Amino acid sequence: MQRSFITRLLLFFVLAIPMASMAQDNDIKGFVYEESTGEPVMFCNVFLKGTTLGCSTTENGYFNITRIPDGSYNLYVTCVGYDTLVDHVTLSKGLTLNKKYTLKETSMTLEAVSITADKIEARTETKTSVITVTPKTINKIPSVGGQADLAQYLQVVPGVIFTGDQGGQLYIRGGSPIQNKVLLDGMVVYNPFHSIGLFSVFDTDIIRNAEVYTGGFGAEYGGRISSVMDITTRDGNKKRWGGKIGANCFGAKLTLEGPLKKPKTIDDAAITFVLSAKHSYLEKTSHYLYSYANEDGLPFNYSDLYSKVSINAPNGSKVNLFGFSFNDQVNNYKSLSDFKWNSWGAGANFLIIPGKAPVMIEGNVAYSSYISSMQERNNPERYSKIDGFNMGFNFNYFLGKNTLKYGIEVLGFSTEYLTFSNYGNYRITENNYSTEIGAYVKYKATFGKLLFEPSLRLQYYPAFSVPSLEPRLAIKYNLNDRLRFKGAAGRYTQDFVAATNDRDVVNLFYGFLSGVTNVPKEFNGSRITSSLQKANHFVLGTEFDLTDNMTLNLEGYWKQFIQLTNINRNKIYQDNEENATINDLVKKDFMVENGDAYGFDLSVKYENHNWYLWAVYALGFVNRNYEKIENDQVSLVTYQPHFDRRHNVNIILTYTAGDQRQWEFSGRWNFGTGFPFTQIQGYYEFLTFQEGINFDYTTTNGEMGLLFAELNQGRLPTYHRLDFDAKRKFYFNEHTTLEVDLSLTNVYNRANVFYVDVITSDVVNQLPILPSLGLTLTF
């Protein structure tokens, strides 16, 4: 079987080789950098004036214009916030020009620019169900705790649901956290959010770009059935040493960057570094500043460390070496006795620009690990560990206005999960090693106003000996300069399973399982051939530029979850020979489900020199179906998972003032209807009979048993919160700035429910009003 797969894989790549690259047309390729730092300039427009030939730079600042006829041209490089650059070029006889350009920041205001980088990208890329996030956009929202963070921005992305201020879990258009793939410089990160949901593990100041795919993503991504978050970090300043140091009531951070080998000219090699460290001391400060929030303080602790070294060749090729260590711990909070996780990883990626071929080659190799454990007052300890490697190679060919991309990806990981006890008091212990092999090809063709982007992925799971052929498609039609229609569809699979208690209102703990086989033989009358989770995505939408500064985006979606694997909440028998005649539904460790998620997201964005408005409304429905046996009769039961939120609203308003734009005021209001939860109907004494027939029930005290109502039939109250932030910058010289930040979280002190203790019936609320003062020195 594996030999057959390898044969098909080789054939897959042979067919993908673009013969068109042998054409003898002229090419211009190269990089665009910032003059002040040497960092790449993303998404700027590079074009030949008077022609239709041009492109946008990638996140590495790379551009490649191919199939240019002989002649003389004026090449323009334009980007919002930078001076326009013009270069006269003459091409003939299959010439390939390698160029490097530097752009200088300009004082031109946004109002004077009629075409922004966002609009250029919107017309030349399919961009369905994807949000591009940069530090500039993250800093537009209120900096809760005085520190701008990706986690705070993701909460306002269309289709994204957060469980609130505490919990740190991300749900995207009906997908659970384990169905969301998170990549940092190509390395898999298993948990990107801290227990206090205001902060992620990523330092905003070192992020270059983040692509958040909420559905319908292309074949370059595999192994997840809901969404992808792909984060790229900066390489570090090539011109000088610098950084940031900041502190607020929640924690402190330090960022350092600079050249280890400073380039003498733009065509010289360079070695740079970037180092980021974050630490929370909220557990200590909350006793003095926020004692009203909780009598035991706010015991949320975390420490994050990330470092990167970039080796840049004269032609723009480069190698990056990086590593991270992320840690999180909650100490004795309410019903939680102790919760902690530790994550670390290291890896490398590279970018190769061959001499004359219109191709860009990328690759990566990395290893990462994640260990989490949880001790609860009334439940046994839970422990999970996952570690493994991932590596891949990608080839990008530039064929005029069209592009061809193909590559291969290999992953291997081991999972360990211990001492989970479901409500039948049966424990599950799982230890597995799994691998995944994926290959893909993606082609983007431009036919006038139509962008057509089919892609195909072949994903192979050796643990199940199952290949999965996954077609994907993205399409966009530019009706005119202001109105665009778009759509995407695709098939997706994954191996990972979450060992999660669906009866928990909020899940702080997530265990990772892989290669599970202890599932029922049938579901809803169909035979189960593997425990792979499967989904189909369908997205339709439109983009409309209401004015030069205002854009409306509307997307409708349907995620069809064909097969899902979950912990069997109905297990009451052991799966052994003695129970061979018992139905699988009450003896297997895992149960099979299906379901769907559908709805629409509406967003409006307005931006000018002083004002920034971002308004989002999302309507969503999430359903799951499982089989239940009663009186020897099997029936299909429909329920809503605990992250099903019907309505979600986010409004952000930011105003920047001052002759040096030194003042900034921002506010964010979030409203969401209540999450489902399972209610308690009563209590009873549960006798374990651990000693079998020798168990004396007349003298032994039992454990407390819970009588649950139907799954997730209750609803928590609505959630809403207003945050406010005010910033003032003091400029000392060209490179030194002090920023003072005053923030208010939960301005009107809304008592939003976090969860209800099922034993004591105590209501635990989310964070109350929290003022914070922060200082950040940039040097």
Furthest towards positive pole of dipole, Leu53, Asn568, Val41, structure part the chain, Cβ charges: Leu53
Positive-pole candidate from Gly774, Met704, Tyr719, dipole of the range 621-779, charges at beta carbon: Gly774
Label point distance in nm, Ser414-Thr700, each placed 7 Å from Cα along Cα→Cβ: 3.6
Two-site label geometry, Lys104 and Tyr281: point separation in nm, points 7 Å out along Cα→Cβ: 4.4
Per residue accessible area in Å² of the chain, where ligands, DNA and RNA are left out and the probe is 1.4 Å: 41
Separation of the Asn74 and Ala709 label points, Cα + 7 Å toward Cβ, nm: 7.2
18 Å reach of a label modelled at Phe538, 7 Å along Cα-to-Cβ, counting backbone N of the range 586-626: 594-601, 620-624
Crossing angle, helix 2-16 versus the chain [Cα axis fit, 0-90 degrees, rounded to tens]: 30
Rounded percent of accessible protein surface that carbon and sulfur make up, the range 697-779, 1.4 Å probe: 60
Cα-centre dipole for the range 256-307 with unit charges at Cβ (Lys and Arg positive, Asp and Glu negative), debye to 20: 320
Net charge dipole size for the range 429-564 [Lys, Arg +1 and Asp, Glu -1 on Cβ; Debye, nearest 20]: 460
Simple Cβ-charge dipole of the range 156-271, Lys/Arg +1 and Asp/Glu -1, about Cα centre, in debye nearest 20: 340
Carbon plus sulfur fraction of accessible area for the range 190-305, probe 1.4 Å, in percent: 60
Furthest towards positive pole of dipole, Gly242, Gly599, Tyr639, structure part the chain, Cβ charges: Gly242
Formal net charge of residues neighbouring Phe512 (Cβ-Cβ distance under 11 Å; K, R +1; D, E -1): -3
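The values are calculated or read from the model by the stated rules, or taken from the named source; none is laboratory data. Every value quoted in this text rests on a predicted model; they were computed, and no experiment measured them. Please note: Cβ atoms are built from the backbone with ideal geometry, for glycine as well, and neighbour counts cover all protein chains shown. Protein only, heavy atoms only, side chains kept; ligands, DNA and RNA dropped before computing areas. Shrake-Rupley method; radii C 1.70, N 1.55, O 1.52, S 1.80 Å.
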